[in-house]
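J.: Below you will find the structure I want to go over with you.
The values are calculated or read from the model by the stated rules, or taken from the named source; none is laboratory data. Bear in mind the structure is a predicted one, so any value in this text is a computation, not a measurement. Methodologically, a virtual Cβ is constructed for each residue, glycine included, from the backbone with ideal geometry; neighbour enumeration extends over all protein chains shown. Note: areas computed on protein heavy atoms with side chains; ligands, DNA, RNA excluded. Shrake-Rupley method; radii C 1.70, N 1.55, O 1.52, S 1.80 Å.
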Amino acid sequence: MVLRNEIVVIKILFCLSFTAFLSVHGFTGSYGINYGRLANNIPSPDEVVTLLRAAKIKNVRIYDADSSVLKAFSGTGLEIVVGLPNGNLRDVSSSADHAMDWVKQNVQAYLPDTHICGIAIGNEVLGGTDEFSPYLVDAVKNIYNAVNKLQLSHIIQITTSHSQAVFDKSFPPSSCVFKESTVQYMKPLLEFFSQIGSPFCLNAYPFLAHMYDPEHIDINYALFLPNQGADDPKTKLHYDNLLDAQIDAAYAALEDAGYGKMEVIITETGWASHGDENEAAATSSNARTYNYNLRKRLAKMKGTPLRPKNVVKAYIFAIFNENQKPGPTSERNFGLFKPDGSISYDIGFHGLKSSSADSSLSSLKV
């Protein structure tokens with residue numbers, strides 16, 4: 001009888017620990033922001049902490065594990081997701097020891113004072129040139145195993161972010177599936193993520209979709225402004241904005257792959273405030289409209305037409321304009337804040353210093 005009771009207790013403890021394991025969340029709110037640092041003129045990490053706390057933005061993603069950033073975030077209560085850069089995937093995938101060393105040096109060393117709640121393994125690895133694709137799954141597994149051996153898997157979530165290049169067809173949303181070229185890597189990745197309770201992370205840009213096909217994608221539909229919307233003939237669902245349609249396309253692809261219960265989180269979305277001559281939609285007015293309306297939409301804490309109970313969570317791209325990013329002019333102008341810390345345009349945030357864009361802050365309510 002005593003032995004049976006002990007077995008029952010063990011089973012209960014196992015179930016409780018397993019439930020806690022599955023409930024690890026790297027995103028505790030609905031509104032986060034990406035802290036990109038490809039610039040030589042942005043404020044120090046300490047000043048960034050001041051800015052984020054004033055804006056009441058708690059969830060932050062960085063693309064590496066920079067020591068100065070992690071030290072600045074110490075004791076602030078801000079939740080941060082660190083990144084393992086694509087260039088590190090080969091070494092980490094080939095060696096469990098390398099993975100363990102990376103986690104010890106870049107994560108464990110800063111806990112618990114710095115609230116590191118997630119590790120993003122690479123960024124937009126699949127769907128491109130396949131330079132890093134063969135290393136992604138093993139890198140994910142090795143990093144997770146290191147986190148687990150260090151008894152940190154109950155507080156740190158393992159993810160990777162995908163671009164929409166992993167999809168074949170995205171409209172109507174119900175028709176979306178994963179590209180055949182990504183399946184050999186995507187399927188084992190999704191299987192492992194389903195085992196450890198990780199979400200599917202997507203970088204979704206209505207700005208880019210509109211720029212690619214302005215004749216068929218109404219800019220009002222992309223900007224959350226009044227429009228006729230779009231219907232999905234299969235599901236009979238109506239979409240009044242493009243971001244919701246992009247999210248539900250991801251859910252459709254996951255369902256087609258056999259992982260319909262996996263949560264989708266937007267790890268990048270934003271709108272450029274300036275661009276080249278062929279980037280007509282990249283204006284300060286459109287950027288303000290998108291980010292202002294997105295902030296309102298996320299504050300409603302609601303889901304999408306296909307998944308109404310799954311609250312949409314999104315990290316905005318980005319805190320600053322980054323003057324050292326390659327590519328078209330738009331790439332260097334996604335920041336909510338200018339390099340000097342003043343706001344780029346008015347969506348209800350105060351900058352580190354005043355600017356002409358601050359003039360209407362007192363009357364703006366989100």
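J.: For region 222-229, take each phi angle, set θ = phi - 60°, evaluate the Karplus expression 6.51 cos²θ - 1.76 cosθ + 1.60, and give the result in whole Hz per residue in order, putting x for glycine and proline.
T.: Result, rounded to whole Hz: 6, 9, 6, 9, x, 7, 6, x.
J.: Among K234/K313; K169/K234; K296/K325; K179/K236; K187/K313; K104/K149, which pairs are too far apart, with a Cα-Cα distance over 18 Å?
T.: Over 18 Å apart, Cα to Cα: K234/K313; K296/K325; K179/K236; K187/K313.
J.: Can you tally the net charge around F334? Count Lys and Arg as +1, Asp and Glu as -1, for every other residue whose Cβ sits under 10 Å from the Cβ of F334.
T.: -1
J.: Which cross-chain or sequence-distant (5 or more) residues have an amide H under 5 Å from the amide H of V177, H modelled 1.01 Å from N in plane?
T.: Correct list: D168.
J.: Roughly how many Å² is the accessible area per residue of the chain, as a whole number, for a 1.4 Å probe?
T.: Per residue, the chain has 46 Å² of solvent-accessible surface.
J.: So, one more: Which residue, chosen from A230, V107, G29, occupies the Cα position most advanced towards the positive end of the dipole of the chain, where the dipole is computed from +1 (Lys, Arg) and -1 (Asp, Glu) charges on Cβ about the Cα centre?
T.: Farthest towards the positive end: G29.
J.: Is there a quick way to get the dipole size of region 46-153? I mean about its Cα centre, with the Cβ of Lys and Arg at +1 and of Asp and Glu at -1; what is the value in debye to the nearest 20?
T.: 420
J.: Under a plain spin-label model, where a point goes 7 Å from the Cα along Cα-to-Cβ, how far apart in nm are S284 and S68?
T.: Inter-label distance under the simple model: 2.8 nm.
J.: Normalise the Debye intensity by I(0) for region 215-311, one equal point scatterer per Cα, no solvent, then take log10 at q = 0.22, 0.23, 0.24 Å⁻¹ and round to two decimals.
T.: -1.23, -1.29, -1.35
J.: Taking 8 Å as the Cα distance limit and 6 or more residues as the minimum spacing, I'd like the relative contact order of the chain as a percentage.
T.: This gives 18 percent for the chain.
J.: Still on this structure, I have one more. What list of ³J(HN,Hα) couplings, whole Hz, do you get for region 193-206 from phi and the Karplus terms 6.51, -1.76, 1.60, once you set θ to phi - 60° and write x for glycine and proline?
T.: 4, 5, 6, 9, x, 8, x, 8, 9, 10, 8, 10, 10, x
J.: Only Lys, Arg, Asp and Glu count, each charged at its Cβ (+1, +1, -1, -1), so figure out the dipole size of region 53-115 about its Cα centre, rounded to 20 debye.
T.: 360
J.: Another question, if that's okay. Through the Karplus equation 6.51 cos²θ - 1.76 cosθ + 1.60, θ set to phi - 60°, convert the phi angles of region 246-253 into ³J(HN,Hα) values in whole Hz; use x for Gly and Pro.
T.: Along region 246-253, the couplings run 5, 5, 5, 4, 5, 4, 5, 5 Hz.
J.: Can I ask one more? Counting only protein heavy atoms, what percent of the accessible surface of the chain is carbon or sulfur at a 1.4 Å probe?
T.: Ligands and nucleic acids excluded, carbon and sulfur reach 52 percent.
J.: Angle between the Cα long axis of helix 96-106 and the longest principal axis of the chain, 0 to 90 degrees, nearest 10?
T.: Helix 96-106 sits at roughly 60 degrees to that axis.
J.: OK, next. Mind checking the dipole of the chain: about its Cα centre, +1 per Lys or Arg Cβ, -1 per Asp or Glu Cβ, Debye to the nearest 20?
T.: 1360
J.: So for region 217-283, taking the charge dipole from beta-carbon charges (+1 Lys/Arg, -1 Asp/Glu), which of A257, L242, T267 sits furthest toward the positive end?
T.: Highest projection toward the positive end goes to A257.
J.: Grab the DSSP H runs of the chain that are 4 residues or longer, score each as -39,500 (n - 2.57), total them, divide by all residues and round the 222 nm result to the nearest 500 deg cm²/dmol.
T.: Mean residue ellipticity, 222 nm, calculated: -11000 deg cm²/dmol.
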